[in-house]
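Remarks on the structure that follows.
The values are calculated or read from the model by the stated rules, or taken from the named source; none is laboratory data. Source: prediction; values computed, not measured. Cβ coordinates were reconstructed from backbone atoms using ideal geometry, including for glycine residues, and neighbour counts include every protein chain displayed. Each accessible area value is taken on the protein alone, full model and side chains, heavy atoms only, with ligands, DNA and RNA left out. Shrake-Rupley method; radii C 1.70, N 1.55, O 1.52, S 1.80 Å.
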Amino acid sequence: MSNDPFDPANWDDTEPSAAPGAPAPILEPFYLEGLNPQQRAAVEATDGPVLVLAGAGTGKTRVLTTRIAHLLGTGKSWPGQILSVTFTNKAAREMQHRIAQLIGGVADGLSWLGTFHSIAARILRRHAELVGLKPNFTILDADDQLRLLKQLISAAGLDEKRNPPRALAGLIDRWKNRGLTPDRLNPEDNHSFADGRGRELYTAYQERLATLNAADFGDLLLHNITIFQREPEILAQWQRRFKYILVDEYQDTNVAQYLWLRLLAQRWRNVCCVGDDDQSIYGWRGAEVGNILRFESDFPGAKVIRLERNYRSTGHILGAASGLIKANEGRLGKTLWTEDALGEKVQVTGYWDGEEEARGISDAIEGMRGHGRKLAEMAILVRAGAQTRAFEERFVAVGLPYRVIGGPRFYERQEIRDALAYFRVTVQPDDDLAFERIVNVPKRGLGDATIQQLHVLARGRGISLHRAAGLIVETDEMKPRPRSALRDLMTGFERWRAIGGDLPHTELAQTILDESGYTAMWQADKSAEAPGRLDNLKELIDALAGFENLTAFLEHVALVMEIERGDGTQDMVTLMTLHGAKGLEFPVVFLPGWEEGLFPSQRSMDENGLAGLEEERRLAYVGLTRAREKAIVSHAANRRLYGQWQSAIPSRFIDELPGDHAQVEARPGLWGGLSERGGFTPAMNDSDLFGSRGLSPGFQRAAQNRAAGPAPRVGPRTLDLNADYVTSSDAGGDFKAGERVFHQKFGYGRISHIDGNKLDINFEKAGTKKVIASFVTKA
DNA sequence: CGTTTTTGCCTTTTT
DNA sequence: GGCAAAAACG
């Protein structure tokens with residue numbers, strides 16, 4: 001441990017004294033230079049609750065970072081006393097980076113700058129035992145979570161088709177986001193899944209997590225809240241520590257995050273929330289715009305500061321975006337302005353179909369490139385990830401370099417998850433989910449039957465699969481082939497754990513992948529993607545080098561699902577979703593697919609009505625305000641969806657763009673009348689029903705769901721976990737030597753020797769076998 | 001037990 | 001139309 005006073009590890013929890021080692025106050029600190037009056041007010045209002053309403057492009061991050069510099073510079077606080085939370089890892093990195101630029105190394109002590117989840121995880125590790133976990137608990141990702149729920153659903157005797165694990169995952173997530181533990185669930189919440197068995201499954205899920213020593217994402221915050229509410233002493237300790245709290249993107253916080261913040265902020269009440277209600281686009285994930293709308297009543301006496309001067313976009317772009325967002329109700333209201341020139345109007349273009357749209361946009365991109373624009377200055381922002389496909393195809397065809405942001409993420413790739421599972425089992429043998437993932441990868445001849453056997457034993461004895469495997473390979477329960485395969489794997493893990501002490505962890509990781517046969521598996525694979533996967537594994541080992549040990553790396557991976565990639569050198573067009581673009585800016589922004597049903601998404605409107613529509617509109621607002629100089633909106637009359645042609649009318653958002661800021665390229669030929677190509681209009685297309693008669697995909701889906709009718713009743717069944725856990729003759733010591741017993745596979749026999757829970761038995765037909773006690777009953 | 005064929009579902013958005 | 005999981009086959 002260092003002597004660094006900024007290192008929180010060296011920080012005791014005693015009351016901080018007034019101004020620890022404060023540098024002499026400077027009359028006009030350098031970092032305040034160049035701030036506008038509102039920004040400056042937001043920076044200098046250090047004490048008491050502050051809400052900063054920061055419109056798009058108004059210097060929000062600058063205010064946050066400068067405020068931190070100010071807190072440190074005036075000696076009001078140590079770095080370790082500042083809690084600054086962001087929503088995404090990207091934002092956290094960005095802040096860290098910019099503070100370092102501003103004040104240099106002092107920023108290193110800001111160890112409580114991070115995402116809600118990463119900070120909550122750190123706090124939880126210190127008090128894990130209070131919620132029935134060990135400090136080294138695993139953080140489950142979506143995939144693990146789903147597999148677990150699947151097991152629970154079938155254990156409850158429910159049909160997976162009718163009760164999809166995904167739906168349950170979503171439900172539990174929403175409950176957790178609202179701060180609801182199973183015991184706090186309202187009766188009416190309970191009816192939304194499997195005939196009101198949601199709560200039962202939720203409870204079972206939490207129990208499973210506890211036995212697995214695991215927490216999912218929602219738990220990180222929820223457990224924090226539980227601890228804070230139950231242990232006032234612990235809460236007080238954290239409250240004392242965090243003298244200043246800063247929150248980025250406050251409009252995106254959910255109820256759990258809000259509760260967490262409010263608990264922590266209660267002592268000093270120095271909480272500064274920055275956000276923009278017009279950019280709230282995560283309602284589907286539990287974000288409560290209400291949090292920001294209610295701020296003043298939650299924190300009486302709060303200062304509200306509006307940042308309205310935009311430094312990013314031209315007048316026309318700002319005017320178009322402002323005009324659009326006016327259609328929403330229940331806003332706090334801001335009027336963005338700029339001293340910039342009006343610039344070009346937002347251009348709206350109609351196309352015949354999606355292919356023509358992709359062609360048109362790629363032509364426009366090449367045109368601009370011809371006029372000296374860099375590709376990196378241009379971005380295409382789409383509503384849904386799948387929409388990037390059409391552009392990718394076109395760009396590949398014409399050889400235009402592009403990058404897709406947010407596609408399948410590095411740590412979600414199969415080979416990476418497999419490798420990580422090996423590491424997890426090495427570090428934490430009891431991680432059943434990881435164990436299950438790799439027992440038979442590469443193929444070792446350990447199929448369903450073997451795994452089932454392990455499960456039965458593990459549940460019967462209340463131990464992990466890994467330990468069950470350790471036991472069972474000592475016996476003759478298994479056929480020789482799977483048995484020796486399993487034993488090899490187990491000795492492998494033992495060896496890796498043993499050498500882990502001396503070997504650098506990167507080498508250990510490499511050894512694990514090599515010796516387990518995992519690397520060889522992909523080397524032997526002749527498919528096209530195998531080389532890429534091997535590259536990814538190499539990259540994984542490289543990434544590992546940046547961490548102290550495997551454990552630290554695994555923690556990082558669980559919370560930061562992305563990897564820092566050193567691209568950036570090549571000039572490329574950026575392709576991403578509107579959600580992914582929040583917080584970014586580009587000189588030129590293309591906004592394709594503005595069609596009713598696609599954007600605004602039919603599904604959002606079906607599921608959330610007006611609120612859904614307004615969120616879509618905010619998304620459109622976010623999209624437009626990403627542009628500095630040029631925004632180009634487009635829509636297509638026909639689009640292929642699920643392999644079927646659908647025709648669509650232009651998005652209502654296009655109509656809502658004020659005419660004096662938008663230029664609509666008139667192409668009346670596309671709707672009604674004859675089109676330029678061929679003699680028929682979209683109206684004659686057999687699938688024109690979209691929109692005109694309400695048969696959009698979402699509507700059809702909704703209709704089908706309704707038509708599906710109630711589930712056939714299978715009689716009342718209750719989830720009885722005990723039934724699974726208590727198997728016959730659980731206790732091993734119940735047998736005596738010489739006793740006659742029965743075994744499912746080997747038949748009758750007599751016990752010749754007892755070794756703990758392992759029995760040597762002379763079977764009448766099968767000969768002498770070593771067998772686990774729980775597989776035997778008294779005859 | 002592992003491979004091939006068939007089905008069914010899907011396109012929001014992410015820590 | 002494409003992809004992943006289930007089913008069917010060897």
| Out of curiosity, is residue A:620 assigned to a helix (DSSP H, G or I) and in contact with a strand residue (DSSP E or B) (Cβ under 9 Å, 6 or more places away or on another chain)? | yes
| query | Just checking, which of A:391, A:395 is outside the structural domain of residue A:490 (by the TED database), within 16 Å of DNA strand B (Cβ to nearest atom) and within 25 Å of residue A:641 (Cα to Cα)? | reply | A:391
| task | Answer yes or no as to whether residue A:682 is modelled with pLDDT under 80, over 26 Å from residue A:603 (Cα atoms) and not β-branched (Val, Ile, Thr). | result | no
| note | Out of (1) more than 15 Å from DNA strand C (Cβ to nearest atom); (2) touching a Lys or Arg at 6+ places or on another chain (Cβ under 8 Å), the one residue A:465 does not meet is (2)
| request: Take the range A:136-175 and flag every residue that is among the β-branched types (Val, Ile, Thr) and either touching a helix residue (DSSP H, G or I) at 6+ places or on another chain (Cβ under 6 Å) or assigned to a helix (DSSP H, G or I) (or both). | output: A:139, A:153, A:172
| Considering only residues of the range A:163-185 that are touching a residue at least 12 places away in the same chain (Cβ under 8 Å), more than 13 Å from DNA strand C (Cβ to nearest atom) and open to solvent by 50 Å² or more (accessible area, probe 1.4 Å), which is farthest from residue A:291 (Cα to Cα)? | A:173
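Here's the yes/no breakdown for (1) modelled with pLDDT of 90 or more; (2) within 14 Å of DNA strand B (Cβ to nearest atom); (3) out of contact with any Phe, Trp or Tyr (no Cβ under 9 Å at 6 or more places or on another chain); (4) open to solvent by less than 10 Å² (accessible area, probe 1.4 Å):
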residue: A:80; (1), (2), (3), (4): yes, no, no, yes
residue: A:83; (1), (2), (3), (4): yes, no, no, yes
residue: A:90; (1), (2), (3), (4): no, yes, yes, no
residue: A:108; (1), (2), (3), (4): no, no, no, no
residue: A:122; (1), (2), (3), (4): yes, yes, no, no
residue: A:126; (1), (2), (3), (4): yes, no, yes, no
residue: A:137; (1), (2), (3), (4): yes, no, yes, yes
| said: With the structure loaded, tell me whether residue A:335 is under 29 Å from residue A:293 (Cα atoms), polar (S, T, N, Q) and surrounded by fewer than 17 Cβ atoms within 10 Å (Cβ to Cβ) or whether it fails that test. | reply: yes
| request: Quickly run through the range A:139-148 and pick out the residues that are open to solvent by 50 Å² or more (accessible area, probe 1.4 Å) and modelled with pLDDT of 85 or more. | output: none
| note | Residue set A:573, A:588; condition open to solvent by less than 10 Å² (accessible area, probe 1.4 Å), over 30 Å from residue A:330 (Cα atoms), away from DNA strand C (no atom under 16 Å from the Cβ) and at pLDDT 95 or above; output residue A:588
| What about residue A:372, is it within 16 Å of DNA strand B (Cβ to nearest atom), among the small types (Gly, Ala, Ser), free of Cβ contacts under 8 Å to residues at least 60 places away in the same chain and not in a helix (DSSP H, G or I)? | no
| message | Given the options A:524, A:558, name the one that is exposed (fewer than 14 other Cβ atoms within 10 Å of the Cβ) and of a type in the set (A, V, I, L, M). | response | A:524
